[in-house]
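Undergrad: Handing you a structure now.
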Amino acid sequence: MARALRALAATAFAATLIGLSPAAHAADDDFTISHVQPAGDDVRILLSVPEDADVPLDSLAVTIDGQAAEASAESAGESVEKIRRTTILTIDTSNSMAKQGRFDAAKQAAVAFLDSAPADVYVGIVTFDADVETALEPTLDRTAAKAVVDGLELAKATRLNDGVIAAAELAGDEGQRNLLVLSDGRDTSKTAESDVTEAIGDSGVIVDVVALDQSGPDLKPLQTLADAGNGAVIEADPASLTAAFDDEAASLSRQIMVTAAIPSGVTATETTIAVSSRGLQDSAHVVIRDASTPAPQVSSDSDGSSGPTVSRTVMLLGVGALAIGLLIFLGSLFWSVGAPKPAATAEQRIAAYTAGTSPATGSAGPNPQLTMDQAKAAAANVLHHNRGLEQRISSRLVAAGSSLKPAEWLLIHAGIVVGAGLVGALLGGGDILFILLFLVVGALVPWLWLGRRRKKRINAFNEGLADTLQLIAGSLSAGMSLAQSLDTVVQEGRDPISGEFRQALVQSRLGMPLVDALDEIAVRTESTDFAWVVMAIRIQRQVGGNLAELLTTVSATIRERAYLRRQVQTLSAEGRLSGWILGLLPVGIGIYLLLTRRDYIRPLYTEALGLVMLLAAAVMLAFGAFVISRLVKVEV
C-alpha cells in the first residue's frame, strides 16, 4: 500500500502529466486499469483486457465517484486521442546468458516482441552487465530497435538493480510506462534492494520480470522488483522465452482506451473510477483533474451541496493565532508571577470584606485580577489530590532556586505542552505524528530545563562549600559564635550558598535548632559533603572540641575530594561523550527521517514486524546506555 501511495503521489505531481499507476495487478481473468490521464472535462482510461475475453466496446460502463459517466471506447492502438505507451526492454547481458543458448533465445524473444507490439508503443532498450547502458532511447522505429538487439554483446557481472533504476528513469513520466525485465541471475552490484524498489515506486512504472531458468529462492529478489512495480514474475526457459515476450506484446494489443466525461456533480480532483462489462470489472483511486483545470462550481441551493469548507491556509492561520495567543498568555503568567505585588490600599482591604463590592458604585461586580488567581487555584486543586506529584515538583523547584509555587509551575508546564502541540499542528499541517512529537517535546523540555537548573545550582553550592567552611572557621577563630559566622557567610557569600544559609538563619530565629536548620540545607541541596559537615558540627556540640580546627580539616578533605572528582570527570569525558552520541544518534536520525522521509520508515510503525523491531531496538539501546553509564560512573 505504501508503494502504491508513493507511486500515486509521484504521478499526481508530475509537471507534464497527471496519471495513475495501478494499485495492483488485477487477476488474469479481470480488467486492469493500467493508466488514467485527465483531459479537461474528460478522463482517459487505459484498460487492459484479459486474454480470450469478449468485451464489446459499447458494453463498457464507467462510474466516477459513484456516479454514472458517459463513456466511449476504442482500441488503444486505433484511437485518435492516444495515451502514450512506453515499454523499456531491460535485458541481462551478463556472461551467464551464454549458457544453453539463452542469449540467442533472448534476442529472438526481443525481436518477436518488436514484431508483435502495437505500432504506437514506444520501445527503449537498457542492458546491464558490469555496466548499465541505454542502448536505445524510446522510439517507434522498429528497424533501429532490431539493429540494437542484433548488436548486443555479453560481459561479466550482473548489475540488475542499477539496470532497473536506469530503465525506470528512461521510461520518463508520461503515459503508461512498462518495464519488461529479463534476467537469469542475482544482482552483483552494491546497490541496495530498497533503493531500486524506491526508484520504481517514485517513477510509477509497471514492472514485469521474466525469470530465465530460475526457481526457488532465486525468484525472491525478482518477485520484490515485480511487487514494487505492481507487476508479475514470469518463469521461462530458452524454449518458452519467445512465447513469454509474445504474450507481453499481445497484452498491449488488447488494451482499450475509454474516454469518460466527468459528471457535473463531481468536483474533487481525485476520486474512485470503476469500469465494468459482462462480469469483468476494476476500480482505482485516481487523479481526474490536473492543477490547471478548475473544478466546476456547485450551487449551494442544489440538493447535493456540501457544507462550508475551510481552506488549508485559513486553518493554518487559525492554529497560528491560537499559538500566538497561548504564548501571550504564558508571558503574562510569567510576568504576574515574577512581578512584585503592590501593597494593598485601605479601600482594597475593605473591599475584601465586602465580597468584591466596587467602592465607586457600591455594587458587586467581577474583579478582573481574580482571573489568574482562579487558574492558579484550579492547578492547586489538582495537586491537592496528588500529594506525591506536588512534593516532587516542590523539591525540584526548591533545589533549582525557583520562586515559583508547584501550582504555578504546573500551570506554566501545561501551557507549554498545549502550545507545543499547536506549533506541531501548524508546522505539520495537522499531521498527528507532528502533534504527538511536539507534545512529547513540550512535556519533557520544561522538566529537563528545571532539572538542569537544579543540577547547576547544586554543583555551584558544592564548588563553593570548601571556601565557605574556611570562612566560617576563620570567623570562629576570631571569636565569633557559629550563628555570627553563618551571618558573615550570608553577608559576604554568593548565591546559592548565601541564600541557603540565610534561610537556615531565619529558621533558627523562628525556633528551629541551628543544627537542624543546617541539616535542611543538606536535604535541599542534596549535598553529601555538607551532610558530613552538619554531622561533624552535631558531634562537636555533643562531645566538645575546637570547631574551627574541625571545619578546617573538613574543608581540606572536601578540596581533595573535589580535585579527585574533577580528575575522574576529565578521564571519563570521552566515554561519557560516546555514551551521549551513541544514545541520541539513533533517536535523532529517527526523528529526522520521520520529518523528511516518512514513507521510508512508515513500515516501522504501521506493520507488526516494524513495531517488534522498534521495541527490540529500544530495549537494546536502553541496555547499551545503561552499560556505558555504569562504566563511566566512578564514585568519589
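Undergrad: I'd like to verify a number: residues in region 122-161 that are of a type outside the set (A, V, I, L, M), closer than 16 Å to R102 by Cα and over 39 Å from the mean Cα position of the chain (by Cα), how many?
TA: 4
To keep it simple, each residue is scored yes or no on (1) touching a residue at least 60 places away in the same chain (Cβ under 8 Å); (2) farther than 30 Å from S59 by Cβ.
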| position | (1), (2) |
| --- | --- |
| A167 | yes, yes |
| G172 | yes, yes |
| G185 | yes, yes |
| A192 | no, yes |
| G201 | yes, yes |
| V209 | no, yes |
| G231 | yes, no |
| R254 | yes, no |
| M257 | yes, no |
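Undergrad: Among the residues that make up region 476-493, is at least one of them closer than 26 Å to E408 by Cβ, under 56 Å from the mean Cα position of the chain (by Cα) and modelled with pLDDT of 85 or more?
TA: no
Undergrad: For L444, which of the numbered conditions (1) assigned to a helix (DSSP H, G or I); (2) under 49 Å from the mean Cα position of the chain (by Cα); (3) touching a residue at least 24 places away in the same chain (Cβ under 8 Å) fails to hold?
TA: All conditions pass for L444, except number (3).
Undergrad: Now a separate question. Name the residue that is surrounded by the most Cβ atoms within 10 Å (Cβ to Cβ), counting only residues in region 117-150 that are over 20 Å from L241 (Cα atoms) and among the hydroxyl-bearing types (S, T, Y).
TA: In this case the residue turns out to be Y122.
Undergrad: Please determine whether any residue of region 102-116 is over 17 Å from V181 (Cβ atoms) and surrounded by fewer than 15 Cβ atoms within 10 Å (Cβ to Cβ).
TA: Yes, region 102-116 contains at least one residue that is over 17 Å from V181 (Cβ atoms) and surrounded by fewer than 15 Cβ atoms within 10 Å (Cβ to Cβ).
A quick yes/no check of all residues on (1) surrounded by 14 or more Cβ atoms within 10 Å (Cβ to Cβ); (2) modelled with pLDDT under 85; (3) farther than 20 Å from L476 by Cα; (4) over 18 Å from the mean Cα position of the chain (by Cα):
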{"position": "D519", "(1), (2), (3), (4)": "yes, no, no, yes"}
{"position": "T525", "(1), (2), (3), (4)": "yes, yes, yes, yes"}
{"position": "V534", "(1), (2), (3), (4)": "yes, no, no, yes"}
{"position": "I558", "(1), (2), (3), (4)": "yes, no, no, yes"}
{"position": "G588", "(1), (2), (3), (4)": "no, no, yes, no"}
{"position": "D599", "(1), (2), (3), (4)": "yes, yes, yes, no"}
{"position": "G610", "(1), (2), (3), (4)": "yes, no, yes, no"}
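Undergrad: Checking H413 against (1) surrounded by 15 or more Cβ atoms within 10 Å (Cβ to Cβ); (2) at pLDDT below 70, which test does it fail?
TA: (2)
Undergrad: Separate question: Name the residues in region 180-232 that are farther than 19 Å from I601 by Cα and of a type in the set (D, E), would you?
TA: Correct list: D184, D187, D208, D213, D218.
The values are calculated or read from the model by the stated rules, or taken from the named source; none is laboratory data. What you see is a predicted model; the values in this text were computed from it and never measured. In this analysis, Cβ positions are derived from the backbone assuming ideal geometry, glycine residues included, and neighbour counts consider all displayed protein chains.
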